[in-house]
Amino acid sequence: MVVDDHPMWREGVARDLTEAGHLVVATSGEGRQAVRVAAAARPDVVVLDLQLPDVSGVEVIQGLRAALPEVRVLMLSASGEPQSVLDAVKAGATGYLLKSAAPAEFLDAVRRTAAGEPVFTPGLAGLVLGEYRRLAAAPDAPDDEAPRLTERETEVLRLVAKGLSYKQIAERLGLSHRTVQNHVQNTLGKLQLHNRVELTRYAIERGLDG
């Protein structure tokens, strides 16, 4: 689903997605309408502009997440302001891409978002990592209460936190793609998390992204 208040931009993005083989189930130019339409259309990914005429993109993210807890939101914005990025991520956005991104970069971001991977315009990832490190300066639970991960699971988790894809992790560690997926699934189970976004946040909070 594509949500943007500029008709030409909105339809252009929808066309690019369709031509790349994605099914665009809906488009919208307003935030409140987008939440209502998404609840009915049930998209897997919402490409969302930050600035909308009726409500903020952050409010739309919150509404989308309330209506569809599993939905993945990729912000596509002209603003790279640090506070805008952090507010979107804290609200539940999976990724944040500037509108200056090349078409190939955008389509790759959509594919990765659909797979549950955090995606950020270069430079913004470091901003988000730094904020999570700051918030994690005083963790709620002592380290000895943390679930025990194997050395290999910790190694994979560290690379997930750095934003590497499963394929890149497999190549880096000399493992098969399926083995990497198994390690991630095992780690999700141990930590009682649901997806790669939550896993990345956990890793960042534990300082495993360094």
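The values are calculated or read from the model by the stated rules, or taken from the named source; none is laboratory data. Bear in mind that the values here come from a model prediction, so they are computed numbers and not experimental data. Cβ: placed from backbone, ideal geometry, glycine included. Neighbour counts: every protein chain shown.
So here's what we get for this one:
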item	result
Checklist (1) surrounded by fewer than 17 Cβ atoms within 10 Å (Cβ to Cβ); (2) closer than 20 Å to A34 by Cα; (3) not aliphatic (A, V, I, L, M) applied to D108, failing item	(2)
From the options A93, A66, A102, A88, residue that is more than 24 Å from R196 (Cα to Cα) and of a type in the set (A, V, I, L, M)	A102
Residue that is closer than 21 Å to E105 by Cα and modelled with pLDDT of 90 or more, where the choices are V3, V60, V37	V3
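Every residue, every condition in (1) surrounded by 14 or more Cβ atoms within 10 Å (Cβ to Cβ); (2) of a type outside the set (F, W, Y); (3) at pLDDT below 75; (4) closer than 20 Å to A88 by Cβ, yes or no:
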| site | (1), (2), (3), (4) |
| --- | --- |
| A137 | no, yes, yes, no |
| A146 | no, yes, yes, no |
| T187 | yes, yes, no, no |
| T200 | yes, yes, no, yes |
| I204 | yes, yes, yes, yes |
